[in-house]
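Visitor: Sharing a structure with you now.
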Amino acid sequence: MPAESPRPLQFATQAVHAGTAPDPATGARAQPIYLTNGFVFESNEQAADIFAMRATGFSYSRGSNPTVAALERRVAALEGAKAAVAVASGQSAVLLVLLTLMQSGDAYVSSSRLFGGSLGLMRRLETRYGLTPHFTRGLEPADFEAAITPATRAIVCESIVNPCGTVADLAGIAAVARRHGLPLVVDNTLASPALIRPIEHGADVVVHSTSKFLSGSGTVIGGIVCDAGRFDWEGSGRYNLITEPWPDYDGLVVSERFPETAFATACRLFGLRDLGPGLSPMNAFLTLTGTETLPLRMERHCANARAVAAFLRDHPKVDWVSYPSLPGQSGEAVAARYAPQGAGAIFTVALKGGEPAALRFITGLRLISHLVNIGEIKSLAIHPATTTHRQLRHDEKAAACVGPETVRLSIGLESIEDLIADIAQSLDALV
Ligand SMILES: *Cc1c(COP(=O)(O)O)cnc(C)c1O
């Protein structure tokens, strides 16, 4: 990247260049994969300084690694964040955010419409570790405000909801968070920064499962936590990992030493050094390669998803489609405001024949694969009620818009004619 750009680089340019540079040691243009656990110290002083966080530098790849750092800089740039911390999975990213923000006895407000794995994690953290989620009734900012109590330490939502594709009113929810002095955490997996940049709408922390659109090809599991760097942790005084001294780091106060990246630093120290779910350099490299084509892929994902959703909406065997970028859909205005390019490529469709039709429709597909991932270049279908969302109670499934008749589709980059032909033949085969 040119050292002194006259103006900020555009998104597509950042997707290709941000966070990487030709390798100073060899001139390699692609990001080298540093498969090494340790890094040789120059001196005893440097070793001690790196351990005490007085100096930056690499020591051990559980905490940081040059290839992983390149991915962190890339995604931070794409999200407009000050820093990012890459982890082994999206699930780890959500876990790390919750554990860094809270301790037993604390609570948080969460959208009831979340990825099933996040809901399952939240339930487990509640019963075993005393972190209480208060789930909202709906997705309106007022629903979030209504769930806040004195114990609330954060607000959590998804920018585009998995599985139903609904787009959240992020600025409205961020205004609630600001009014109550709470950080807003947004899971941006289904949008990717190519469609929605939550920090521009007031989010303080953005998480991703990079297993989805960011890596893009369905080949590598990963997650990342992005820190907007503007929440007033010290003013709030409720986040002791960030604002109180760490005795084992010579009294380090993270928010004093790293005022712009306090949350990311606390996530790295506690999350990676203590808990340990780091991303491997190999997976970071593959994910970094994926980010280079993100803007192009998202255009095609959205165009294909819109065409498939429109076809399904008008089909006689379909009851309803939930894709808010279609005219007349509920949530259309919010989707148009936050995701003008399209509400991503994941949405639900309900079949008139109920669960038997939904299950037969999935197994009748030939080109579209029956599997549990989303956001990859191949088109995918799954029955959430018996798979991704099966651990949920009945009322939780209803809140997440997952019924027995519901199929989740993730639309890939194939030719639209072939996708529609596959869907048509499977629907035609239903009695
Ligand atoms: C997949 C997903 C996750 C979990 O990510 P993994 O990489 O599978 O652990 C979290 N949030 C959302 C919205 C997801 O779709």
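Visitor: Give the residue from Leu78, Thr56, Asn188 lying farthest towards the positive end of the charge dipole for the chain; charges sit on Cβ (+1 for Lys and Arg, -1 for Asp and Glu) and the dipole is referred to the Cα centre.
Guide: Most positive-ward Cα: Asn188.
Visitor: Rounded, prolate or oblate: pick one for the range 294-428, where a ≥ b ≥ c are the square roots of the eigenvalues of its C-alpha gyration tensor, a/c under 1.5 means rounded, and failing that, prolate if a/b is larger than b/c, else oblate. Could you put the intermediate results ahead of the total?
Guide: Numbers: a/c = 1.44, a/b = 1.16, b/c = 1.24.
Rounded, because the longest to shortest axis ratio a/c is under 1.5.
Visitor: Here is a further query. Ordering Thr13, Thr210, Thr26 by how much accessible area each has at a 1.4 Å probe, largest first, what is the list?
Guide: Accessible-area ranking of Thr13, Thr210, Thr26, largest first: Thr26, Thr13, Thr210.
Visitor: Quick one: if the Förster radius is 25 Å, what FRET efficiency do Arg257 and Thr36 give, using the C-beta to C-beta distance and rounding to 0.05? Display every interim value, and only then the final one.
Guide: Numbers: r = 27 Å, r/R0 = 1.07.
Rounded to the nearest 0.05, the efficiency is 0.40.
Visitor: Okay, next question. What do you get for the angle between helix 90-101 and the principal long axis of the chain? Use alpha-carbon atoms, 0 to 90 degrees, nearest ten.
Guide: On a 0 to 90 degree scale, this one is about 50.
Visitor: Can you give the accessible area of Asp428, probe radius 1.4 Å, in Å² rounded to 10?
Guide: Here the residue's solvent-accessible area equals roughly 110 Å².
Visitor: Turning to a different aspect of this structure: Taking every DSSP beta bridge with both residues inside the range 294-428, roughly what % is antiparallel (nearest 5)?
Guide: 85 percent
Visitor: In the Gaussian network model of the chain, springs joining C-alpha atoms below 10 Å, which of Glu396, Glu299, Glu417 carries the largest mean-square fluctuation?
Guide: In the Gaussian network model the winner is Glu417.
Visitor: Put +1 on the Cβ of every Lys and Arg and -1 on every Asp and Glu Cβ in the chain; which of Pro277, Ala171, Phe115 then has its Cα farthest towards the positive end of the dipole?
Guide: The listed residue farthest towards the positive side: Phe115.
Visitor: For an R0 of 45 angstrom, estimate the FRET efficiency from the Cβ-Cβ distance between His180 and Asp23 and round to the nearest 0.05.
Guide: The pair His180/Asp23 has a calculated efficiency of 0.45.
Visitor: Tell me the carbon and sulfur percent of the accessible area for the range 11-291, rounded to whole percent, probe radius 1.4 Å. Present the calculation step by step, with values, prior to reporting the outcome.
Guide: Details: 5620 of 10550 Å².
Roughly 53 percent, rounded to a whole number.
Visitor: Pop a pseudo-label 7 angstrom from the Cα along the beta-carbon direction at both Thr56 and Asp395 and give the gap in nm to one decimal.
Guide: 4.8 nm
Visitor: Treating cross-link reach as a plain straight distance, find the lysines whose alpha-carbon is under 29 Å from the alpha-carbon of Lys378, omitting any fewer than eight places away in the same chain.
Guide: Lys212, Lys317, Lys352, Lys397
Visitor: Here's another thing I want to ask about it. Calculate the dipole size of the range 294-428 relative to its Cα centre from +1 charges on Lys and Arg beta carbons and -1 charges on Asp and Glu beta carbons; express the result in debye to the nearest 20. If you can, show how the numbers build up before the last one.
Guide: Working: 14 positive and 14 negative charges, 45 e Å.
Value, rounded to 20: 220 debye.
Visitor: Take every DSSP beta bridge with both residues inside the chain and express the antiparallel ones as a percent of the total, to the nearest 5.
Guide: Details: 26 of 42 bridges.
Antiparallel: roughly 60 percent of the beta bridges in the chain.
Visitor: What is the range 22-153's relative contact order, in percent, from Cα pairs under 8 angstrom and six or more apart in sequence?
Guide: Answer for the range 22-153 is 17 percent.
Visitor: Stokes-Einstein at 25 °C, 0.890 mPa s, Kirkwood radius from Cα pairs: D for the chain in µm² s⁻¹? Walk me through the numbers on the way to the answer.
Guide: Details: Rh = 22.2 Å.
Roughly 110 µm²/s, to the nearest whole number.
Visitor: Here's a follow-up. Determine the order of Leu9, Leu409 by accessible area, beginning with the largest, at a probe radius of 1.4 Å.
Guide: Most to least solvent-accessible, the answer reads Leu9, Leu409.
Visitor: Enter the angle in degrees (range 0 to 90, nearest 10) between the Cα long axis of helix 294-313 and the first principal axis of the Cα atoms of the chain, meaning the one along which they spread out most.
Guide: Helix 294-313 and the main axis of the chain meet at about 20 degrees.
Visitor: Would you mind working out the magnitude of the charge dipole of the chain relative to its Cα centre, with +1 at each Lys and Arg C-beta and -1 at each Asp and Glu C-beta, to the nearest 20 Debye?
Guide: 640 debye
Visitor: Roughly how big is the range 115-238's charge dipole about its Cα centre, with Cβ charges of +1 (Lys, Arg) and -1 (Asp, Glu), in debye to the nearest 20?
Guide: Details: 11 positive and 12 negative charges, 65 e Å.
The calculation lands at about 320 debye.
Visitor: In whole Å, what is the distance between the alpha-carbon centres of the range 144-223 and the range 16-90?
Guide: Here the answer is 25 Å between Cα centres.
Visitor: What's the ranking of 359-368, 286-295, 58-67 by average number of surrounding C-beta atoms within 10 Å, highest first?
Guide: My ranking of the peptides, most packed first, is 286-295, 58-67, 359-368.
Visitor: Using a cut-off of under 16 Å, list every residue of the range 163-181 whose amide N is near the label point 7 Å from the Cα of Ser330 along the Cα-to-beta-carbon line.
Guide: Zone members listed by number: 163-169.
Visitor: Would you calculate a helix-derived [θ] at 222 nm for the chain, using -39,500 (n - 2.57) for each DSSP H run of n ≥ 4 and dividing by the full residue count, to the nearest 500?
Guide: Theoretical 222 nm ellipticity from helices: -10500 deg cm²/dmol.
Visitor: Let me ask something else. Contour minus end-to-end for Ser104 and Asn240, with contour as 0.36 nm per residue of separation and end-to-end as the Cα-Cα distance?
Guide: Values: separation 136, 0.36 × 136 = 48.96 nm, distance 1.24 nm.
Computed gain between Ser104 and Asn240 is 47.7 nm.
Visitor: Another question about this same structure. Given a cut-off of under 8 Å on Cα pairs at least six residues apart, what relative contact order in percent is computed for the range 11-291?
Guide: Contact order relative to length: 23 percent.
Visitor: Let me check something: with ligands and nucleic acids excluded, how do Glu405, Glu45, Glu244 order by accessible area (1.4 Å probe), largest to smallest?
Guide: I get Glu45, Glu244, Glu405, largest accessible area first.
Visitor: Using only Cα atoms, tell me the angle between helix 416-428 and the longest principal axis of the chain; keep it within 0 to 90° and round to the nearest 10.
Guide: Approximately 50 degrees, to the nearest ten.
Visitor: Turning to a different aspect of this structure: Using a 1.4 angstrom probe, figure out how much accessible area the chain has per residue, in square angstrom, rounded to the nearest whole.
Guide: 41 Å²
The values are calculated or read from the model by the stated rules, or taken from the named source; none is laboratory data. Small disclaimer: the values here were computed from a predicted structure and weren't measured. Counting neighbours? That spans all protein chains shown, and the Cβs are built from the backbone with ideal geometry, glycine included. Note: accessible area is taken over every heavy atom of the protein model, side chains too, but ligands, DNA and RNA are not part of it. Shrake-Rupley method; radii C 1.70, N 1.55, O 1.52, S 1.80 Å.
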